[in-house]
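None of the figures in this text is laboratory data; all of them are computed from the coordinates on show. Computed from a prediction, not measured in an experiment: that's the story for all the values here. When we count neighbours, we look across all protein chains shown, and the Cβ atoms used for this are built from the backbone with ideal geometry, even at glycine.
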Amino acid sequence: MDLRAILMGLAFAAMWSSAFTSARVIVEYAPPLTALALRFAISGLIGVGLAFALGQTARLTRQQWLGVVIFGVCQNALYLGLNFVAMQTVAASLAAIIASTMPLLVALVGWVFLGQRTRPLGIAGLIAGVIGVALIMGARITGGVDIYGLVLCVIGVVSLTVATLAVMGASSGGNVLMIVGLQMLVGSAALTVPAIAWESWDVTWTWQLIVAFIYTTLVPGLAATLVWFLLVGRIGAVKASTFHFLNPFLGVAVAAVLLGERIGVLDVIGVIVIAGGILAVQISKQPQ
């Protein structure tokens, strides 16, 4: 892994982790699905426009189109849609911790359902991840977390796992920026129907909402997704996923600093254990 890949991975982890805090601000002032559908429409149009300006085309392979649709529906519509709704009642730090378990779920699916061989270090990492999640969940449930929001976050991370397993098909063959823009438009289209059916246009316009929306649209929305696709294309999904071990730390830290969310001792221990489990799983996948 070269220096450029390391910098790309660190940038992705920082941008991805900050999205939960900005999303928490957005849903405080605007309907979640409507705001998210609008965000994806803007990000997608910007991405597609830039792609055309750079000479990229929308003539994708069948595998790329399949990846675009799966990634757009599973990550953008389901994962982020469920998280936006959940964060009306769930802390941003908890949503970030749950989402950061995605690499563990990817490894678990590969081991149980896809017949992938898992080394003892990887199994130990999976066990550590489960223990870390149990510590955090036990503390939060005892402290009165909203169970409905918690369930939505869990369903969302399962959808993110499916999207991650499909990312290789979407990132191969070039036209990366076009693919990023198209999968955002897919997410916007998928969210527009439930947004119109279930939500009303009830927005409290504040500078916090405007700043959070612009930041979420351009940084976690467009830039982070582009960096992720480029990183996967550069070093592969296995090595790229190693950087996810930073997400529990960064997600909790950003929420604590910007939103003032209270972090308990069990939260800290759980985050450390989960991060160690993610790192162990990813290291176990590297060639010996």
Practice prompt. Please find, in a Gaussian network model of the chain (springs between Cα atoms separated by less than 10 Å), the residue of V145, V271, V69 whose mean-square fluctuation is greatest.
Written response: V145
Fill in: Rounded if a/c under 1.5, otherwise prolate or oblate - the stretch 171-287, Cα gyration tensor axes
oblate
Item to complete: Could you work out how far the C-alpha centroid of the stretch 140-156 sits from that of the stretch 41-82, in angstrom?
Response: 30 Å
Worksheet entry | Positive-end extreme of charge dipole, the stretch 174-288 - chosen from I235, V252, S188 (charges on Cβ) | I235
Worksheet item: Looking at the chain, do any whole DSSP H helices span at least 30 angstrom along their long axis by alpha carbon and average -1.0 or above on Kyte-Doolittle, and which?
Response: 3-29, 32-53, 120-142, 147-171, 176-198, 265-285
Response to the item:
Unit-weight point scatterers at every alpha-carbon of the stretch 231-288, Debye formula, q = 0.18, 0.19, 0.20 1/Å: log10 I(q)/I(0) is -0.68, -0.72, -0.76
Worksheet entry | Selection from Q286, L38, V203 lying farthest towards where the dipole of the chain points positive, charges on Cβ | Q286
Fill in: P(r) tail fraction, the stretch 3-285 - alpha-carbon pairs more than 25 Å apart, %
43 percent
Worksheet item: In the Gaussian network model of the chain, springs joining C-alpha atoms below 10 Å, which of T57, T204, T192 carries the largest mean-square fluctuation?
Response: T204
Response to the item:
Among W16, G125, L222, the residue whose Cα sits farthest towards the positive end of the charge dipole of the stretch 3-285, when +1 is placed on the Cβ of each Lys and Arg and -1 on the Cβ of each Asp and Glu, is G125
Worksheet item: Mind checking the dipole of the stretch 143-288: about its Cα centre, +1 per Lys or Arg Cβ, -1 per Asp or Glu Cβ, Debye to the nearest 20?
Response: 580 debye
Worksheet item: Counting Lys and Arg as +1 and Asp and Glu as -1, what is the net charge of the other residues whose Cβ lies under 12 Å from the Cβ of T216?
Response: +2
Worksheet entry | Cβ-placed point charges (K, R +1; D, E -1), dipole of the chain about Cα centre in debye, nearest 20 | 820 debye
